[in-house]
Amino acid sequence: MTLLPIFIACAFTLVALWFMIAPFLGGSDAHLRLEHLDEDLHEIEALATRRSVLLTSLRELEFDREVNKLTDEDYEKFRRRYEAEGVRIMRRLTELHGGDKWQTRVDDELADKLGRQPVVSPLQEEEVVEAPVATVVEPSDEQNEARSCSDCGTVLAFDDNFCRSCGLATSIAVMSTPATEASA
Amino acid sequence: MATLGTIAIFSAMLLSFMGIGLNIAAGRTQTRRFTLAGRHAAYAACGAVFTAAAVLLHALLTHDFSIQYVQGFSDESMPLFYLIGAFWGGQAGSLLFWTTVVSLCLSACLYINRDRYRELMPWVTVTVLAVLAALLMILSFVSNPFEVFHIIDDPTIGKGLTPLLQTPKMVVHPPALLAGFATMTIPYGFAMAALITGNFSNTWVEAARKWILIPWFFLSIGNMLGGMWAYEELGWGGYWAWDPVENAAFMPWLTATALIHSLMIQERRGMLKRWNISLMLGSFLLTIFGTYITRSGLIESVHTFAQSDIGNYFLAFLLTFTAISIIAFAVRFPGMKSAQRLDSPLSKEATFIFNNWLFMCMTGVVMFGTMWPRIKEGLFGQEVTIGPPWFNRWMAPMGLLLLLLMGLGTIISWRRATVKNFKRNFVIPIAVTAVLSPTLLAAYWYLRGVHLNIEPTPNDATYAVMAVSLIIFVAAATLEDVVRGVQARMRLHKEPAITALTRLTMKQRRRYGGYLVHLGILCAFLAFSGNALKLEHDVSIRKGESLLVGDYTFTYHGLTERNDPEKTVVMAHVAVSRNGKKVYDMYPGKATFHATPSSPTSEIDIKTTVLEDVYVALVNFDSGGQVAALKVFIGPFTWWFWLGGVILTFGTMIAMWPTRESLHALRRGGVIARIAIVGMLLFGSSLPLLLRYAENSEVWGSAQRWGLTAPAETRVLNDS
């Protein structure tokens, strides 16, 4: 029984030795391709980690205000700073994912694939069902015009949660736009 | 097997150097090839260390006395618990244990952060591997635990463990401290990586904050267990003597505590960048310094069994890493300037800064008191002793200031405290203190203090009163903060109070875990204030005579001698009564192990209650048992020190409990890692209870439990 840990430790060492040498045995092209992929992946991980820390800090900030350890003025100041940094992180994450129109691109490719006719057996001809075609719902002009930031006036997309310019949350940003006031 | 162990140590050393080279290349080029190779070189080095550790453990458990270390620190009669303890019972084994823990932490750090801190990790690995290489060089060339006897000298029996170490607490105390020293290497690695890369954003702070609690926890446990051992085994009635070796382990605890608080400030406000880096470097260097002064013979201590001839090598280790750290710090100094400034001296940030200064002062006092006798002897040839009275004269007022800051820091505002904030947050704790403090002090004095005939000096009485008042203030401030938080959550989420408290604790583990730790410290301070009221009597007493201490009457009824193949135990029978009624019998003893007759051990008998400890030690006796010299202590509130330790452990576990995000980061192979992390945390939090179970069920090493050992020849020494 006492020999088992020795065997496990030796095996661990030998496997680690192999993996230490292995990177130098493969072709350099494969490593170069992985380098590029790694660059993006690592940046995404770092941004995601930083976003997680910001969320924790925001949570603590709200708590400190609730228990009167922070004045309202200081709370707003820190909150804006954290949210602005959060916006920058999410903007960068969006770029890494393929840009602002990534949703549209994915929807187009999906529609293209789903638009092909399915293979149907003779017995099932009557049961052929049209393959569903994904429809892309573009926001209407009215929707876009109705959503603009009350702080800086930047036009907001229909699915924006934060203003891309000043970082104000859209739940606050759209509260006082002319369109929403008119409809109310 | 010994050969395999030696090969493993040498291989680990070589792999460490290879890993350093590969990780330097990875750090400079940031290429995948070198990053992977460097990471796995570190894993391989760690694996070789694990192999060596497994070989030593195997040799101990199979009683392989051909290995000198096994023969010197174990024998065939030792139960499993003590055989494992023999691993770190001697110099070489304790060094191998330290190296193993560093390897374990490095492996865990590499695995957890395999996709994070890409810029920093190669340099973290370089730093930790450098520490590993230094330890392995000492193991390989100076203190090899696998040295064997020549065939003609091969002994068949072992010497066994030093009698003083034959208690469960002393099996846990050394590895706890060693783990504290070893785990300090990882946050040190992050600090050095920040210096090397010049990246002083909060990245290294985020990483270090997660790790710094681990060494702090182990140092807390280790120091506390050492105090318990001193209390139960050494017979002088106290748990902290400002012994140089105690101080050596206390100094990094002080700086690590300061660092935990100041890291919060950098994380929140971006301040104290230079301060935090220097504090982190200092905390690690103090662990090496502490080991050096303990093992070099530079200082005299009850820990003389830990001294060896490797002091000079540790001095070289210390000087090398100190030089590298100072140079790196000096080079990067201009770039570490914080953009943020302190807004007001009346703010949470200022309180934390004052708290840090206080911890540094305390560290300075302890360092001076520990080293000055040696420095003065070396420079001027004059011998001087600095004992507990000197330390207490300085540390007591600083401890009280620390309590005050603990309370202030809990409820004061960030950035700038206002009159409105003061009224809102301070009135209740001050009012509670003003009411409860005199009430509780008067209640204790008239209900118990008077009966004990306590007559503290004016100084001691003042400190005790101030300590109790500040304890109440801090407790009230903390409770107010908790209640406010629960009320806020109840308002926001419409939850009942218990649910709100539970969810608040789970969402803000660091904060509420920290509050529990503060509560543990308050309990310890209550014990310190009780120490000022301690009663002590050294007396020679004849059989049948009684001694009055406080309102306890101690009557000596003679001695009993028990002999067995390993030891002779002499136990005194002392009957204790209060107000004419018998309370209990006490049996303090002395044990002489036949293998080490020059090192008898004291077996103290202690009766513990919430209010006070009754402590009796048998100091000496005549051959007929007619006269015995006893040492009797009545120590108010001593029990609260141990309770404080348990609460502190529990609070640290809560603060360290991993969040959902960090567990999610272990998604690949995550199940085993999650089980390992949660298991370790549960083990850590239940350690006090496990220790208590081991003591109560293990017959080895206690005077009271020796009655269970059979066969034994018992002789009453002229008992009435």
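A few comments on the model shown:
- When the solvent-accessible area of chain B is split by element, carbon and sulfur atoms take up 66 percent of it, the probe being 1.4 Å.
- Average projection, convex hull of the Cα set of segment B:492-610: 14.0 square nanometres.
- Checking every one of the GluC sites (Glu not before Pro) in segment B:337-395 against DSSP loop status and a limit of 14 other Cβ atoms within 10 Å picks out B:Glu383.
- If the segment from B:Asn312 to B:Glu147 were pulled out straight at 0.36 nm per residue, it would be longer than the present Cα-Cα gap by 57.3 nm.
- By average C-beta atoms within 10 angstrom, highest first, the peptides B:321-330, B:212-221, B:642-651: B:212-221, B:642-651, B:321-330
- Solvent-accessible area per residue, Å², over chain B with all protein chains present [probe radius 1.4 Å]: 41 Å²
- Listed by chain and number, the lysines whose C-alpha is less than 20 Å from the C-alpha of B:Lys567, apart from same-chain residues fewer than 8 away, are B:Lys159, B:Lys590.
- Chain pair A, B: total accessible area buried, heavy atoms, 1.4 Å probe, Å²: 4300 Å²
- Computed 3J(HN,Hα) for segment B:7-24, one whole-Hz value per residue from the Karplus formula 6.51 cos²θ - 1.76 cosθ + 1.60 where θ = phi - 60°, is 4, 4, 5, 5, 4, 4, 5, 5, 5, 4, 5, 4, x, 4, x, 5, 6, 5, glycine and proline marked x.
- With a simple spin-label model that places each label point 7 Å from the Cα along the Cα-to-Cβ direction, the separation between B:Gln30 and B:Leu4 comes to 4.4 nm.
- Cα extents of chain B along the three principal axes, largest first (Å): 84, 80, 60
- The calculated FRET efficiency for B:His557 paired with B:Val435, based on their beta-carbon distance and R0 = 60 Å, is about 0.80.
- Here the simple spin-label model places points 7 Å from the Cα toward Cβ, and for A:Leu110 and B:Trp394 these points are separated by 7.0 nm.
- In nm, spacing of pseudo-spin labels at B:Leu342 and B:Thr608 (7 Å Cα→C-beta vector): 4.0 nm
- Relative contact order [Cα under 8 Å, 6+ residues apart], segment B:168-290, whole percent: 33 percent
- Taking all C-alpha pairs of segment B:377-424, those more than 15 Å from each other amount to 66 percent.
- Measuring spread by the Cα atoms of segment B:63-132 yields a radius of gyration and Dmax of 17.1, 53 Å.
- What the phi angles of segment B:386-401 give under the Karplus curve with 6.51, -1.76 and 1.60, with θ = phi - 60°, is a coupling list of 10, x, x, x, 5, 4, 5, 4, 8, 6, 4, x, 5, x, 5, 4 Hz, glycine and proline written as x.
- Drop in accessible area of at least 40 Å² in the complex versus isolated chain, residues of segment B:383-427, 1.4 Å probe: B:Trp414, B:Arg415
- Along principal axes, Cα extents of segment B:13-110, largest first, whole Å: 56, 22, 19
- In the context of the full protein assembly, B:His451 retains an accessible surface of approximately 90 Å², using a probe radius of 1.4 Å and ignoring ligands and nucleic acids.
- B:Glu147 long-range amide H proximity, modeled H, under 5 Å: B:Gln68, B:Tyr69
- For chain B: relative contact order, % (alpha-carbon pairs under 8 angstrom, 6 or more apart): 10 percent
- Pairs over the 24 Å Cα-Cα cut-off, from the set B:Lys169/B:Lys210; B:Lys582/B:Lys607; B:Lys376/B:Lys631; B:Lys582/B:Lys631: B:Lys169/B:Lys210; B:Lys376/B:Lys631.
- For A:Trp18, solvent-accessible area (1.4 Å; no DNA, RNA or ligand), Å²: 140 Å²
- Were the residues from B:Phe81 through B:Leu447 laid out at 0.36 nm apart, the gain over their Cα-Cα distance would be 127.4 nm.
- Ellipticity estimate at 222 nm from DSSP helix runs (n ≥ 4, -39,500 (n - 2.57)) divided over chain B, nearest 500: -21000 deg cm²/dmol
- When segment B:474-562 is described by a simple charge dipole with +1 on each Lys and Arg Cβ and -1 on each Asp and Glu Cβ, the residue from B:Leu519, B:Val549, B:Leu535 located farthest towards its positive end is B:Leu519.
- When A:Glu83, B:Glu76, B:Glu612 are compared by accessible surface with a 1.4 Å probe, the order from highest to lowest is B:Glu76, A:Glu83, B:Glu612.
- For peptide B:40-46, the mean count of partner chain Cβ atoms within 10 Å of a residue's Cβ comes to 6.
- Theoretical FRET efficiency, 1/(1+(r/R0)^6), r = Cβ-Cβ of B:Asp585 and A:Lys77, R0 51 Å, to 0.05: 0.15
- For q = 0.13, 0.15, 0.23 Å⁻¹, Debye-computed log10 I/I(0) when each Cα of segment B:439-562 counts as one equal scatterer: -0.74, -0.83, -1.25
The values are calculated or read from the model by the stated rules, or taken from the named source; none is laboratory data. These figures come from a predicted structure and were not determined experimentally. Using ideal geometry, Cβ is built from the backbone for each residue, glycine included, and neighbour counts are taken over all protein chains shown. Keep in mind that these areas ignore ligands, DNA and RNA; they rest on the heavy atoms of the full protein, side chains included. Shrake-Rupley method; radii C 1.70, N 1.55, O 1.52, S 1.80 Å.
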